[in-house]
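The structure under discussion appears below in the form of structure tokens.
The values are calculated or read from the model by the stated rules, or taken from the named source; none is laboratory data. Predicted, not measured: the structure shown is a model, and the values here were computed from it. Reconstructed Cβ throughout: ideal geometry from the backbone, glycine too, with neighbour counts over all protein chains shown. These accessible areas exclude ligands, DNA and RNA; they are computed on the full protein's heavy atoms, side chains included. Shrake-Rupley method; radii C 1.70, N 1.55, O 1.52, S 1.80 Å.
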Amino acid sequence: MPARPGKDDLDPLLKDGPPRRLVVLGEDADLGSVLVRLLRRELLEKVEVAYVPVSRRSAAAAAWGLPKDTGQAAALALDGKASPVPLIRDDVGGVLVGRGEIGRFQGEAYCDDELVARGTVRRLRAAPGPDGVSSISASGVKAATGRALQVGCVEASVLVDGVAHPRTVTRWTWYRHTSDWLLVR
């Protein structure tokens, strides 16, 4: 598969009945792309997903407690057990598997009903985890975890798992989806 596989790459693999387990070898954004396709095909609760990061700096591996060593991650991908974990979506149709970032943030951000940032901060970072989505503590940003992280701001750039969103935004939401995904770990 190519990097960040899409509909034309994955749907033919899924159309004749989903596989029991998919192994994603790649970057965090590649894992996110696979999960988007499983979400759209309503297969999140049917297909186990194993992740073998190609970078030791994988935020997704850190968020989900996966090995960062390729060999260890590959062994786990073959022999590990799958368990449901929260799927964190955004309001433009994507998912967050490792790290989200809004740079040069000027505005307000809430994690559920808790104010986590107000004013100007260098960046607002978010991460998925077993309890939902979290804001990551930094200068001017309070750490919190909840069902949703909602942002209203002046125009800002968003990075999702290392990939820049194509447009600047004035609002953004990461939130826990109603269904979990099956992560092998």
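Near Gln72, within a Cβ-to-Cβ distance under 13 Å, what is the net charge of the other residues, with Lys and Arg +1 and Asp and Glu -1? Each step should come with its number before you reach the end.
On the way: positive: Arg56, Lys68, Arg185; negative: Asp69, Asp79.
After counting each charged neighbour, the total is +1.
Each part reduced to its alpha carbon centroid, segment 1-73 and segment 160-185 end up 14 Å apart.
To put it simply, the accessible area of the chain at a 1.4 Å probe is 47 percent carbon and sulfur.
Here the calculated FRET efficiency for Glu114 and Thr168, from their Cβ-Cβ distance with R0 = 45 Å, stands at 0.95, rounded to the nearest 0.05.
For segment 1-140, what percent of Cα pairs sit more than 28 Å apart? Show your work: numbers first, answer last.
Details: 2259 of 9730 pairs.
The share of Cα pairs beyond 28 Å in segment 1-140 comes to 23 percent.
At R0 = 41 Å, how high is the FRET efficiency between Lys7 and Val154 if r is their beta carbon distance? Nearest 0.05 is fine. Before the final figure, lay out the partial values.
Numbers: r = 34 Å, r/R0 = 0.82.
Here the calculated transfer efficiency is 0.75.
Using the heavy atoms of the protein chains alone and a 1.4 angstrom probe, what is the accessible area of segment 122-177 per residue in square angstrom? Please list the in-between numbers first.
Details: 2850 Å² over 56 residues.
The answer is 51 Å² per residue.
Could you size up the charge dipole of the chain around its Cα centre, putting +1 on the beta carbon of Lys and Arg and -1 on that of Asp and Glu, and report it in debye to the nearest 20?
Working: 26 positive and 23 negative charges, 57 e Å.
Once rounded to the nearest 20, the dipole reads 280 debye.
Between the listed residues Gly93, Ala109, Ala73, the Cα displaced farthest toward the positive end of the dipole of segment 53-120, a dipole computed from Cβ unit charges relative to the Cα centre, is found at Ala73.
Note the direction-averaged projected area, equal to a quarter of the hull surface, for the Cα convex hull of segment 62-185, in nm². Write down the numbers at each step before the final one.
Values: hull surface 30.8 nm².
Orientation-averaged projected area of the Cα hull: 7.7 nm².
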